[in-house]
Every structure is written in structure tokens, then in C-alpha cells.
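Single-structure report; data block below.
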Amino acid sequence: MNYLSSSLLLPAIVFLPLLAAIIAFIIGRNRLQGLINISFSLTQFLLVVLTTLLFLDEQTDQSERYVIGGWGAPLGIDLIVDGFSILMLALTGLLTLLITLYSASYFSDKYNASEKSLRFWPLWWFLISGLNALFMSADAFNIYVCLEIIGLSAAALVALQGNRAALQAALRYLLVGLLGSLFYLFAIAILYRSHGTLDLMQIAETASHSFPDKVAMILITIGLLLKIALFPLHFWLPPAHANAPTPVSAILSALVVKASLYILIKFWFDVLGEATTFGASQVLGALGGTGIIYGSWCAFRATQLKLLIAYSTVAQLGYIFLLFPLSEYSMGVSSFTGSASQAAVYFIVAHACAKAAMFLAAGNLILAQGNGEIAKLKGIAVREPLNVLVFAIAGISLIGLPPSAGFIAKWLLLTTAFESGQWWWVIVVITGGLLGAMYLFKVLSLAFSTDPAVVESPTAKSTAPVSSVPVSSVMTTVALILALITLALGLNAEFILNISNTVTEVNGI
Amino acid sequence: MFNKLDIEYDGPAVDKSALSLIASVLVVGLLLAVTIKIVLSDKGHNTGLAPLITQNIELSGVTNPITAVLLNFRAYDTLLEIAVLLVVVLAILPTRDHHAPFFKRIEVSKQNLVLLALQRWITPAVVIFAGYLLWAGAHQPGGAFQAGALLAGASVLMFQSDTYQVNYTSFMARVLLVLSLVVFITIGTALIWFEGSLLTYPLAFSGLLILLIETCATVSITLALASLYSSFIASENISVTDHKHRTIK
């Protein structure tokens, strides 16, 4: 064995969650279940950290190719990571660790969700391994398989909740996801026909402004927009994300939609960059902008706490789509570098951490309160101060106030918009921020308003709903850690930008 | 005759199902038109990867190009596809009865003679044919998925008489369901140790290893497909009996 390089660890990052899924499925419900899963997530996290460190140490644009089966592209399948994908892997590793900790509590015998744990853990690990496999794949068809794993396991996880609304949402999510996958598969068939290979890099070498490539790009965009839930295609997201069990909502909003977004960015900038046009990027930006306004407005009108957060995801995804018009203008056709890409990458990380923290905190508040009505949250800050604090910190990041990751992300976005002279996006971003403040402060002001009848009277306990249960400290702590990470990212912006843009770093030296 | 307007329509002004039908027909039509235009306008990369596969087929351990692609050149995809199958099974599997036995035989008093004869005559033949398909996959069309589908068909035939019941959540069933994935992963990672890279079969053993993986895959695929059928029938039966109760009353 010669020296260890980051690419050698890539298969392990896919296979470890698969192994965890198999073991979780075989052992079934067990007293050690939580412990086993936590140790798997810890190992997984350490492995991802090691890979990231090795990758940073190599100081390259992208890692060496890991050649599966010794065939090499185009005959076989290769694995490869670049700065963006290693960042997504690291983010997945971190969120997997934290949400697994949370789930071990959420699905323990203390709460009535425990009988679902038999199905939850295997599906959870399949989802994680699908995400990891997606972020390192260098093959167009392999990406399709990964999208299938992610889509099917995510829909099954939503259905886990078991009530009528969740089942309906899950079925719709499944069908929309399959439709999106089919669009993608059709595009891959066209690409294979005109390029004779499925390897992304080899397709990129021969990509041109030709008709088949353009059609493929359009189909990929439509298919993935369905999965990402950009504005007119967002209809399935709020019910699916709102009705899922809390840890599932967190991972769906934080990572699963981002996985499709990652593929879209990869195709739009790297693989089929030649086939994209300025007009198309403006259309994507306009849809994103409408999504910001519409999503924020729906979030403001929502009466259920989790539905509000789900609509906020629709709005936040809109911001990331401003990447498409802004980067095209500043950097030519096919490059994912420069300030717009930095803003987008930062937005993805900031939103993932903040939204996961917010969903977990909301789940805790709902557990404590007994139901998800926003109106019933009055005065909850007295009973659950930490969870309301987490909600507030995550909210600050989503609105984009300093000092938080969301602030840096929005700052980067605004400066890019000014630099490129496309001032109209500035208006959209600022309006979105104000609307965001409206719907989040609506919740917070309710939570902090003290209702003397409930809080101060000694009979407060009896008026509390029967179904409420004390929230375990682990669940609160995990949400708090995520919120603190959001804050830390706001104070330490260079860190993320360095990982995702090692290229510019090397060139700069 | 037109003095009296006798056309009356009580439905909504815009029929939603008709609208969605029109929309989907339009989308399909557009996709079809685009496909035809692409096929006509552009010659494309006519050969694709076929020549490369023919060149390397001798190194793959099998002679059937499809099996070579599925189990050797792109074995990683197949491994993940098997995981997809397991996800589907997980999604529909019932969660109760972990401790009931894997296989149960119930004596049914009323036997259907024709069904019994069918089961006695056809099932063994199907099982043998599935075994042949699995074996033949190395050099002609066939393989794990086809053999698994046939075996699942045979088990559907066996389920018709309510004599046999399989508990898919028993320990044994769970082991058999994950068997193919476990074997695939074990072989794949063990080869990192021996050959230096994931799923790199050594030339001398590649045919054997592929057959081993395919055999395990056949078992898992059979059980997975049979479980899909059983859970579908189970939910159907529940609704049918509900219906009967209501109608009798």
C-alpha cells in the first residue's frame, strides 16, 4: 500500500451507510439499536472528515479518479470529487451525525414513534448512502441510479408517519420524483446517443451548441426542477416536508433537494455548459425570484409550524437559483467559479444547517406542545427556552441578519448582483428578506408573548395538552449545536469558501 | 329550432381531468416530436460503447455482453440497483410478526383439483427452468433478474391455494432479502484487498464470482418480488372482506 489519497476512501463512504442499512434491517428492534446507529454515524463522520482533510492537503482541482473494476470510463464507472462535491459530502457527514443522534432519541421507546424505528433506520441509511454516492459519481447513468435510491427512500420515509396526509404527500412526492427521474433518463439516452459515452467529463469534452445537447439540457433542467421544487413545480414540497417525521423533514429540506440541485449545477456549468444560454439563465433566475416572494408569502399565511418552515424552503431555494443569471453574466458560459458560485455554495451550506436546526427545534416544540398549530405556541418560550432560542438563531440566518451564515450568503449574493449590474435581483433579495422577517417574527413574537393565565397560574400543568411529552435533552442539544454551527459559519466565512474553491486558492498562490 | 337552447351542462366550466389529459398528451407529443427530430437531424455516435465491450468481453469472465455490462463493467450500478430493490421492499413490508416462522403450511380442507395439478406439474418445471436461465446468463440472454422473476411467478402460483404462507419479516426472510447485497458488497470490498480496486474480478475467478453473485441475487429478487405480490394481495383481501361484511349486512 502506498500513501493514502482522498479518492481511495470514496467507496468506503458509500458502503459504510449501506452496511449500516443492512445491519439495521437484520437486527430489527433492539435495545442496542440506537447505540449501533450512533456509532455508525460517528465512523461515517470521521471517515468524511479524513477524506476532506486529505483532499484539502492535496491542493488540487479535483481528486484522482477512483476506477471501479479496473475498467475506467467510458466502459466502467469512475468516482471523483471536486471542491464542491467534497463540501457536499462533508455537509452530509455532519448532518448525518447530528440527525442520527436526534433520531436515536426521537425513535426511542420514550416516544410513540418507536415502532416506526424498524423501518426508519434501514431507509435512513439507504438515503445517506444514495446521497454520498451521488456526490462522488462521475457517470451520468450512475447518477440516475443514485437519484432513484434517494427518491424512493425519501418517499418511503415521508410515508413512515402513517397518517392520511403523510401518505398522500408521500405518494405525490414519489410520483413527482419518478417523473423527474424519467425526464433525466430521457436526457441521458439522448446524450448517450450523440456522445457515445456516459462519463460526465467525456460528455463535457464533446458537448456543443447542437440541438440534441440543448434538448438534453432542457429535459435535465425540467426533471431536476421537479425534484428541487422550484417555484411553479413546488406544489409537492410543503405537504411532503411538513408531514414527514421531524428528522426526515430536516434531512429532506437540508440535503435531499440540494442533491438534485447539485446535479443541475454540475450539468449547467460543467457538463453541458456549452448548451446553456443567457436567456435560459434569466428564466431560471426569474422563477427563483418568484419562488422567493411566493414561498415567503405562503409561509406567512401558514397556520401549521412545519408547513411554515417547508414554505420557507421553497423561498430559500429561490435564492440559490439567482446563481444562474448572476454567474453567467460575470464569468462567461461554463464555469462554476467566481463570486456567484461562492454565494450559491455558501447559501446551500447556510440553509442546510439553519433549516435542519429549525425543523429539529420545531419538532421539539411540537412534541412539547402536542400539536403543530402556530397559534398554540403562545408563551412557549417560558417552557422551552432553548428550543425557541434555536428557532430564533436559525430564523436570523434565514432572514440574513448578522452574525450568521445566512448574512454572509446574502451579502455575497448582493455584491455579485451589484457588480454584474443586474440590480433587479437586489430588489428581489431584499424583499425576500423582509418577508422572511415577517413570517419568522410572527412565530417568535407569539412564542415570547406571555399569557399570564397559562404561565403564572399554578394550574398551568393541567391546561397543557395531554399528548405533550417532555423533550429529551439530547434532542434539544442537537438542535442547539446545529444553530451554533450556523452562527460559527457566519463568523468564519473563509472556511467554507476555501473548501469549495481550492482551485482559485491554488491559482492565487 | 334554435329558439330554445337545450344544451345543458351541469359540470364545472373547466373539467380538471380533461385539462390534465390534454396537458399530458401535449407533453408526450412534444417529446415524441423532439425525439423524431433528433433521430432524423443528427447522425449521433452510432456505435456507442458496443465495440469497446466486444474488445473487452474476453476479460470479463462471461460471453454474454449484457451480463458482462451488468455484472462486470458496470457492476457498481447493479449493486446500487439491488439496494433500490431493497428500499422498495422496506417501504411496503409489514412491521408486525417478527417472531412468526418464515414458512408455514396450512391444511386447507377444500382443495381445488385443477389448481393442485397445475402447482404439481408446472412449479417444478419453472424452478428448473429458472435454474437454467441463471446458468445460461453467462453466455446467452438470461441471468439473475430473469430467473428471479420466473421463481417469483412460481411462488405466486403456489400462493393461489392459501396452503403456503411466508412471513417476510421473520429473521430468515430478512437475511435472504439482504443476501445479495451482502454478498455483492463482501466480494466487492474483498477484491480491494486482493486486486487493489473495488469490484475488480481476477480473470481466473471472474466467471465463478459473477455466478455466485447472480445466484444470491436470484434468491433476493425472488423473495422481494414475492413480497410485493403478497402485500398487494393482503391489502386487497382486507378491502374485499370489508366489502363483503358491508354487503351481507
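Computed from the coordinates by the stated procedures, all read-outs in this text should not be read as laboratory data. From a predicted model like this one, the values you see are computed outputs, not experimental measurements. Heads up, the Cβs are rebuilt from the backbone with ideal geometry, glycines too, and the neighbour counts pull from every protein chain shown.
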Test of understanding: ordering A:Glu384, B:Glu107, B:Glu195 by Cβ neighbours within 10 Å, fewest first, what list do you get? B:Glu107, B:Glu195, A:Glu384
What's the magnitude of the charge dipole for the stretch B:62-248 around its Cα centre, counting Lys and Arg as +1 and Asp and Glu as -1 at the beta-carbon? Answer in Debye, nearest 20. 480
Note down the relative contact order for the stretch A:61-199 as a percent, whole number, built from C-alpha pairs under 8 angstrom at least six residues apart. 22
Per the C-alpha gyration tensor (a ≥ b ≥ c, the square roots of its eigenvalues), chain B is rounded if a/c is under 1.5, else prolate if a/b beats b/c, else oblate; here it's oblate
Please give the peptides B:59-67, B:23-31 ranked by average Cβ packing (other Cβ atoms within 10 Å per residue), highest first, as a rough proxy for protection. B:59-67, B:23-31
What are the ³J(HN,Hα) couplings of the stretch B:203-208, residue after residue, when phi is run through the Karplus curve with 6.51, -1.76, 1.60 and θ = phi - 60°? Round to Hz, x for glycine and proline. 4, 5, 9, 4, x, 5
Phi-derived 3J(HN,Hα) across the stretch A:384-400 with the Karplus relation (6.51, -1.76, 1.60, θ = phi - 60°), rounded Hz, x for Gly and Pro, is 10, x, 5, 5, 5, 4, 4, 4, 5, 5, 4, x, 4, 5, 5, 5, x
Spelling it out for A:Gly196: with amide H atoms placed in the peptide plane at 1.01 Å from N, the residues 5 or more places away or on another chain with amide H under 5 Å from its amide H are B:His45
Cα gyration tensor shape of the protein assembly as shown, rounded if a/c is under 1.5, else prolate or oblate by comparing a/b with b/c: rounded
Chymotrypsin sites (Phe, Trp or Tyr not before Pro) in the stretch A:1-97 lying in a DSSP loop, each with at most 15 other Cβ atoms within 10 Å of its Cβ, come to A:Tyr3
Longer than 20 Å from Cα to Cα, which of A:Lys214/B:Lys37; A:Lys378/A:Lys410; A:Lys258/A:Lys410; A:Lys306/A:Lys442 are they? Say none if no pair is. A:Lys378/A:Lys410
For chain A, what is the charge dipole size about the Cα centre, in debye to the nearest 20, if Lys and Arg each add +1 at the Cβ and Asp and Glu each add -1 at the Cβ? 1860
Taking every residue of A:69-80, the Cβ atoms of other protein chains inside 10 Å of its Cβ average out to 6
Pairs of Cα atoms under 8 Å, at least six residues apart: use those to get the relative contact order of the stretch B:62-248, whole percent. 30
Which listed residue (B:Ala83, B:Ile213, B:Val175) has the Cα farthest towards the positive end of the charge dipole for the stretch B:62-248, taking +1 on Lys and Arg C-beta and -1 on Asp and Glu C-beta about the Cα centre? B:Val175
Relative contact order for chain A, counting Cα pairs under 8 Å that sit 6 or more residues apart, in percent: 15
Return the calculated 222 nm mean residue ellipticity for the protein assembly as shown, to the nearest 500 deg cm²/dmol, obtained by summing -39500 (n - 2.57) across DSSP H runs with n ≥ 4 and dividing by the residue count. -23500 deg cm²/dmol
Once you order the gyration tensor axes a ≥ b ≥ c over the Cα atoms, which shape class does the stretch A:1-69 get: rounded for a/c under 1.5, otherwise prolate or oblate by comparing a/b with b/c? prolate
Scan around A:Asp139 for amide H atoms under 5 Å from its own, H built in the peptide plane at 1.01 Å from N, and keep only partners 5 or more places away or cross-chain. A:Leu200
Residue-by-residue Karplus 3J(HN,Hα) for the stretch B:23-36, coefficients 6.51, -1.76, 1.60, Hz, glycine and proline x: 4, 5, 4, 4, 4, 4, x, 4, 4, 5, 4, 4, 4, 4
With the dipole of chain A defined by +1 on each Lys or Arg Cβ and -1 on each Asp or Glu Cβ, the option from A:Trp121, A:Ser105, A:Leu42 whose Cα lies farthest towards the positive pole is A:Ser105
